[in-house]
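Let me begin by presenting the structure, written as structure tokens, before commenting on it.
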Amino acid sequence: MGKTKDELYSEMSDAVVNMEEELSAQLSNEAVESGYDAFEAIDLGLAKGMEQAGRLFDDGEYFVPELLMCADALNAGVEILKPYIKTERQEKKHKIVIGVIAGDTHDIGKNLVKLMLSSAGFDVIDLGRDVPPSVFVERAVQENAKIIMISSLMTTTMDGMADVINILNEKGIRNEFKVAIGGGPVSRRFADQIGADGYSSNANQAIKMANELVGR
Amino acid sequence: MPEIIFANEQKTLSVTNGTTVLEAARQLGIVLETPCNGMGTCGKCKIKIGSDYFLACQKNITENITVFTENKENENKTLQILSGGQSCSCQLKPFISKQFDGEKTVVYGGNSALGTESGDTSKSCYGITVDIGTTTLVVAIINLSSGKEIVSESRLNPQSTYAQDVLSRIHFASNHEGLNVLQNVLIDALNEMIGTLSEKAKISTKNIYEIVYSGNTAMLHLACGIDPKPLGQYPYLSQIHGGEYFTALKLNISPFGVIYLPPIISAFVGADITSGILASQLYEQKETILFIDIGTNGEMVLAKNGALAATSTAAGPAFEGMNITCGMRAGNGAVERFCINNDGSIDYQVIGGTRATGICGSGLLDITGELVRQGIIGKSGRFTSQKTIDGLREKDGKKVFFVTDDVYLTQNDVRQIQLAKGAVRSGIESLLMKMNLKKEEVNRIEIAGSFGYHLNEKSLLSIGLLPPEFEGKVTFVGNTAQSGGTAFLLNVDFRTKMLNVASEIQKIELANNENFEKIFVASLGF
């Protein structure tokens, strides 16, 4: 077809930004047929598109629905490419445990953050909602996670976030994990008050924050 | 100890070093807007020291300072609070009755004697309805012999000084001390209002025998001194169920006066909605009716041939003008109406007829609705580049719509409105699904609440808070929490009736609906 590899990757990226699920799948098939490295096609093609979508979100150009549709397009491509990733190229992903704090069942924001982090190459383990502070710690230890991420939409449940940090301190394992928090009523100031390592006000910023926390 | 002077309020306080200006203001009872509860994120508690501006919640007092607040002293006078609402006709049969036996007058509550008064006082028999809103209080004195409202007054709920939104207030009252503070400031305010109102009506507070508390569930917990903590934690359970009486000893009425609490539907659907159901007689209508109270929490009831389902959605404070760059409450200076004419010129209306200083909820919905209608804001909520209009200019590199040179709407503001209207719309969609109804099957939409009263149907449809199928079916029914509360006061039979109605309402918790996220996301667009 006379399309160079770079041109194909760039089209894949555009398909994600433009929320074109079918096109993304079709171009990913093309990448497989052309014998390109699947890991590279995700990294330099699809994921680049998602990065761009995140920037548009930051600029106010895109909103939640657009971001979700971009993610759908990304995942349509990833599904096709995944089986072709050579095992030696599967780099070890940083693990994050994420959940909504005990007492709170509002999880739309958390789900969006999870989606963005997964698309940015993190291995995200979702603990769900109404998660007791002790469970955050147990699961983080079990999974050998790098970051514990806690979300809350209700002022009335925010104190539970501090409890997670207290438990880590009591167990003497505070230094083994980074703790990051977010959600409607949460602020940078509150994060500082409870001694959290990271705070993000939206889903796209969460990627940047997570990268900084793991030193990427 | 450094001293702080609030110049406009002419109040002074000595504080320990490091106290914030906000804390000092709260101690003095000075109201500063704090929708973010002192987190330093919303910017609404701006104050002036010298020629510099600071956030009161972030500014520590380390030396003697003089602070200028935005002048709020007239807010209670100019704030638009609606006290009347649609009501049902009812036979006069109050809980309280009086009988003169030739010597003394016996006061009855139902069939039991509450107390006696010397002489013949049977002609003087009054009751009060109170709508305890998160933001506003409305108190009305009703003549129980004639059924007529004599006087009424509204003002800001003084609890907002301590914590502005419902959840912050629940949080504040989660310990004994906080609960006491909030209950006491409320009772002080009610007593003050009862005092001025009875003076105005030329009646004695001793002749007021019953108070009906209408309000949302959290406010009723605080008013009755009941721990609200469980309301703020899943599974969000109310500690009181209403349909009950409390003594009114702390209130400045007859020593044997009582408080009646109408039935409460759930943690987030309170007695104010029960009052609304009563005022609208939803349980008796043959039609399909959607009743919505639009506010920080959008509470709604769907009635299909008398069967009712209720839910509430977290719309957030955007409709009160909070979390919006130029947002403000509906007081003097707020743009409350806005429209774009066919020739592209704009018209707007400012409360008090003054220079525009901000935008209140109804103005926000009008501006957004008109910009959507004109295609300046696209379906996805973004300022498009295809169409332009006077006022659409760049500010700090981003597109902004200027109503005046100082008052404008940003892209982020539009996003906040999308979240708020998306929450209400997804609540509507969920209720319709639950009752197996199509949108076109709804015969009437009743919008209640003081905020709702200032909205117009066109804007609600343009922004998609309501679906297009509702066009021409919207009525604004006013403060039904108040009018329904009065109905409870005037006819005791409603109390047993509504206890049944409330217990039979299907209560829907949106968080437990697996499809809610999909519905919510689909409801965000215009």
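Is it the case that some residue within the range A:72-86 is closer than 27 Å to A:V179 by Cα, touching an Asp or Glu at 6+ places or on another chain (Cβ under 6 Å) and surrounded by fewer than 20 Cβ atoms within 10 Å (Cβ to Cβ)? There is no residue in the range A:72-86 that is closer than 27 Å to A:V179 by Cα, touching an Asp or Glu at 6+ places or on another chain (Cβ under 6 Å) and surrounded by fewer than 20 Cβ atoms within 10 Å (Cβ to Cβ). Take the conditions (1) at pLDDT 95 or above; (2) in contact with an Asp or Glu (Cβ under 9 Å, 6 or more places away or on another chain); A:E138 misses just one of them, which is (2).
Of the strands (runs of 3 or more DSSP E) entirely within the range B:342-450, those holding at least 2 residues that are more than 24 Å from B:K44 (Cβ to Cβ) occupy B:346-350, B:392-395, B:444-448. Just so you know, in the range B:370-391 the residues that are within 12 Å of another protein chain (Cβ to nearest Cβ) and without any contact (Cβ under 8 Å) to a residue 12 or more places away in the chain include one that is surrounded by the fewest Cβ atoms within 10 Å (Cβ to Cβ), and it is B:S385. Across the range A:80-110, the qualifying residues are those that are closer than 23 Å to A:N211 by Cβ, at pLDDT below 95 and in a helix (DSSP H, G or I), and the one among them that is farthest from the other protein chains (Cβ to nearest Cβ) is A:R89. For B:I417, the stated conditions hold: it is within 12 Å of another protein chain (Cβ to nearest Cβ) and modelled with pLDDT of 95 or more. Taking the range A:126-149, which residues are away from chain B (no Cβ under 14 Å), touching a Lys or Arg at 6+ places or on another chain (Cβ under 9 Å) and of a type in the set (V, I, T)? Scanning the range A:126-149 gives A:V137, A:V141, A:I147, A:I148. For residues that are within 13 Å of another protein chain (Cβ to nearest Cβ), farther than 16 Å from A:Q205 by Cα and of a type in the set (D, E, K, R), tally how many sit in the range A:153-192. The qualifying residues number 3.
Of the set (1) more than 14 Å from chain B (Cβ to nearest Cβ); (2) without any contact (Cβ under 8 Å) to a residue 24 or more places away in the chain; (3) not hydrophobic (A, V, I, L, M, F, W, C), all apply to A:Y199 but (1).
Matching residues to (1) surrounded by 21 or more Cβ atoms within 10 Å (Cβ to Cβ); (2) of a type outside the set (G, A, S); (3) under 17 Å from B:E244 (Cβ atoms):
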{"site": "B:S168", "(1), (2), (3)": "yes, no, no"}
{"site": "B:H171", "(1), (2), (3)": "yes, yes, no"}
{"site": "B:S174", "(1), (2), (3)": "no, no, no"}
{"site": "B:A189", "(1), (2), (3)": "no, no, no"}
{"site": "B:H221", "(1), (2), (3)": "yes, yes, yes"}
{"site": "B:I226", "(1), (2), (3)": "no, yes, yes"}
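Of the residues that make up the range B:71-91, is at least one more than 30 Å from B:I447 (Cα to Cα), in a loop (DSSP other than H, G, I, E, B) and at pLDDT below 85? Yes, because at least one residue in the range B:71-91 is more than 30 Å from B:I447 (Cα to Cα), in a loop (DSSP other than H, G, I, E, B) and at pLDDT below 85. Take the residues in the range B:392-412 that are in contact (Cβ under 8 Å) with a residue 40 or more places away in the chain and facing chain A (nearest Cβ under 10 Å), then tell me which one is nearest to B:T296 (Cα to Cα). Once the filter is applied, the top-ranked residue is B:N412.
Checked against (1) touching a residue at least 60 places away in the same chain (Cβ under 8 Å); (2) of a type in the set (F, W, Y); (3) more than 18 Å from A:G183 (Cα to Cα), A:F57 passes all but condition (3). When the residues of the range B:1-31 are filtered to those that are part of a loop (DSSP other than H, G, I, E, B) and out of contact with any helix residue (DSSP H, G or I) (no Cβ under 9 Å at 6 or more places or on another chain), the one that is surrounded by the most Cβ atoms within 10 Å (Cβ to Cβ) is B:P2.
For the range A:111-125, a tally of residues being within 11 Å of another protein chain (Cβ to nearest Cβ) and in contact with an Asp or Glu (Cβ under 8 Å, 6 or more places away or on another chain) returns 1.
State all residues of the range B:228-246 that are surrounded by fewer than 20 Cβ atoms within 10 Å (Cβ to Cβ), touching a His at 6+ places or on another chain (Cβ under 9 Å) and either of a type in the set (A, V, I, L, M, F, W, C) or on the phi > 0 side of the Ramachandran plot (or both); if no residue qualifies, say none. B:I240, the sole residue that qualifies. Could you please let me know if A:I125 is surrounded by 24 or more Cβ atoms within 10 Å (Cβ to Cβ), in contact with a helix residue (DSSP H, G or I) (Cβ under 9 Å, 6 or more places away or on another chain) and part of a strand (DSSP E or B)? Considered against the rule, which asks whether it is surrounded by 24 or more Cβ atoms within 10 Å (Cβ to Cβ), in contact with a helix residue (DSSP H, G or I) (Cβ under 9 Å, 6 or more places away or on another chain) and part of a strand (DSSP E or B), A:I125 comes out as no.
Considering the conditions (1) surrounded by 24 or more Cβ atoms within 10 Å (Cβ to Cβ); (2) modelled with pLDDT under 95; (3) touching a strand residue (DSSP E or B) at 6+ places or on another chain (Cβ under 7 Å), A:M154 is excluded by exactly one of them, (3). Note on the range B:272-310: residues that are in a strand (DSSP E or B) and touching a strand residue (DSSP E or B) at 6+ places or on another chain (Cβ under 6 Å) total 17. Count of the range A:56-77 residues, restricted to those that are more than 14 Å from chain B (Cβ to nearest Cβ) and either within 15 Å of the chain's Cα centre (by Cα) or not in a helix (DSSP H, G or I) (or both), is 2.
With respect to (1) more than 19 Å from A:A206 (Cα to Cα); (2) more than 14 Å from chain B (Cβ to nearest Cβ); (3) in contact with a strand residue (DSSP E or B) (Cβ under 8 Å, 6 or more places away or on another chain), the lone exception for A:M12 is condition (3).
When the criteria are applied in full, B:S275 fails the requirement of being within 29 Å of B:Q416 (Cα to Cα) and not aliphatic (A, V, I, L, M).
Are any of the residues in the range B:479-489 part of a helix (DSSP H, G or I), away from every other protein chain (no Cβ under 14 Å) and of a type in the set (F, W, Y)? Yes, there is a match, as at least one residue in the range B:479-489 is part of a helix (DSSP H, G or I), away from every other protein chain (no Cβ under 14 Å) and of a type in the set (F, W, Y).
The residues of the range B:490-519 that are over 20 Å from B:V269 (Cα atoms), within 14 Å of another protein chain (Cβ to nearest Cβ) and assigned to a helix (DSSP H, G or I), listed by number, are B:E517, B:K518, B:I519. Only a single criterion out of (1) under 18 Å from the mean Cα position of the chain (by Cα); (2) outside any helix (DSSP H, G or I); (3) closer than 20 Å to B:K518 by Cα is not satisfied by A:I150, namely (3). Selection within the range B:462-521: residues that are hydroxyl-bearing (S, T, Y) and in contact with a strand residue (DSSP E or B) (Cβ under 8 Å, 6 or more places away or on another chain). The member of this set that is surrounded by the fewest Cβ atoms within 10 Å (Cβ to Cβ) is B:T475. Name the single residue that is farthest from B:G225 (Cα to Cα) among those in the range B:262-295 being surrounded by 24 or more Cβ atoms within 10 Å (Cβ to Cβ) and in contact with a Cys (Cβ under 8 Å, 6 or more places away or on another chain). Only one residue tops the list, namely B:S280. Scanning the range A:10-49 for residues that are crowded, with 24+ Cβ neighbours inside 10 Å and not β-branched (V, I, T) yields A:M12, A:A15, A:S24, A:L27, A:S28, A:A31, A:A41, A:G45, A:L46, A:G49.
The values are calculated or read from the model by the stated rules, or taken from the named source; none is laboratory data. From a predicted model like this one, the values you see are computed outputs, not experimental measurements. Here Cβ is always computed from backbone atoms with ideal geometry, including for glycine, and neighbour counts include all displayed protein chains.
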